[in-house]
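Only the coordinates and a few stated rules stand behind these numbers; no lab work does. Here the structure is a predicted model, which means the values were calculated and not measured. For neighbour counting, all protein chains shown are included, and Cβ atoms are generated from backbone atoms with ideal geometry for every residue, glycine included.
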Amino acid sequence: MWPVVLILALCIPVHGQIDGEAAYANFLRWRAVPENARLTWQAATERYAAKLTADGMAPSEARQTMSIIASRDEAVLYDPVYAGKSPSPQTPTALLVEAVKGRRPGKALDVGMGQGRNAIFMARHGWDVTGFDVSKTGIAAAQRHAMAAGVKLNALVLSDEEFPFGQAQWDLIAIIYPIEKRSVFRVRDALRPGGIIVVECGHKDGKDSPFEYDTNELLRIFEGFRIRKYEDTAGAHEWMRKEMRLVRLIAEKMP
Ligand SMILES: C[S@@+](CC[C@H](N)C(=O)[O-])C[C@H]1O[C@@H](n2cnc3c(N)ncnc32)[C@H](O)[C@@H]1O
């Protein structure tokens, strides 16, 4: 019984938040046992969630832990990319370059920052940048690139489920080719009045698109914001390296 209690305790630091890294590591250890390794992802996560509650974790915390585990697992796809095993875009997204032009630098957040191409661009232009990503390899690359560029970056290995977006914290939030849609719903509160949100992503109806934005959905989510730019158009998807239906948004929270 004690080892189980100890593992659960290690997942929850004193401030009450779940330690995503420990939670994911514990899951991987459990998953490595041959009888669990045989399970599909869905069966494994269902069984592990049941085990967490059977071990005494509150159901709401078990749900949150499973969501963090699923988010952290995305790194399995991206670590090899950032290790250079396949190509990834290196230059900043044109939409972001356009969004910051002529703007007074402030505090910026790069959601799912990858190897930091956009974060470093902003830092070079005087922004105080924080970025997070589930990929340790991506964050390590971002830190290396920032050092080489002589800029400071606050780069964190975290999932969107763990990162504290806060209230009225940021002058700019960049969500560029995200893999999940949750973060966009945290932006309204997290931006300072006058701050901007910059999103570029595939449209839900794009061929082979793994993304979720429906027609005009971003406009609905940011109703009440001043829309600086909105596009729903065919364009070169920087990550999938092909023409796709893309959505682009620059919107400002009203002061
Ligand atoms: C398509 S890449 C875009 C990276 C970067 N924004 C860019 O455009 O270069 C998606 C990134 O999101 C990260 N990611 C996926 N799910 C995540 C999550 N739940 N929380 C944080 N980062 C996540 C991946 O590791 C990956 O680096």
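What the table shows:
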quantity	calculated
Extension gain, ASP214 back to ALA43 (0.36 nm per residue minus Cα-Cα distance, nm)	58.6 nm
Reach of LYS51 by Cα under 18 Å, taken over lysines that are not fewer than 8 positions away in the same chain	none
Where a label projected 7 Å from the Cα of ARG228 along Cα→Cβ would reach, residues of the range 95-111 with amide N under 15 Å	95-110
Restraint check, LYS101/LYS253; LYS107/LYS253; LYS204/LYS253; LYS85/LYS242, Cα-Cα greater than 21 Å	LYS204/LYS253
The chain - mean residue ellipticity at 222 nm from DSSP helices (-39,500 (n - 2.57) per run, n ≥ 4, rounded to 500)	-11500 deg cm²/dmol
Förster radius 22 Å - calculated FRET efficiency between ASP189 and ALA25 (Cβ-Cβ, nearest 0.05)	0.10
Proximal aspartates and glutamates to LYS136, defined as alpha-carbon separation beneath 19 angstrom and excluding residues fewer than eight positions away on the same chain	ASP19, GLU21, ASP73, GLU74, ASP79, ASP110, ASP160, GLU161, GLU162, GLU180
Residue with peak Gaussian network fluctuation, the chain [Cα springs, cutoff 10 Å], from ARG117, ARG186, ARG103	ARG103
Additional length obtainable on full extension of the chain from ALA54 to SER86, 0.36 nm per residue less Cα span	7.4 nm
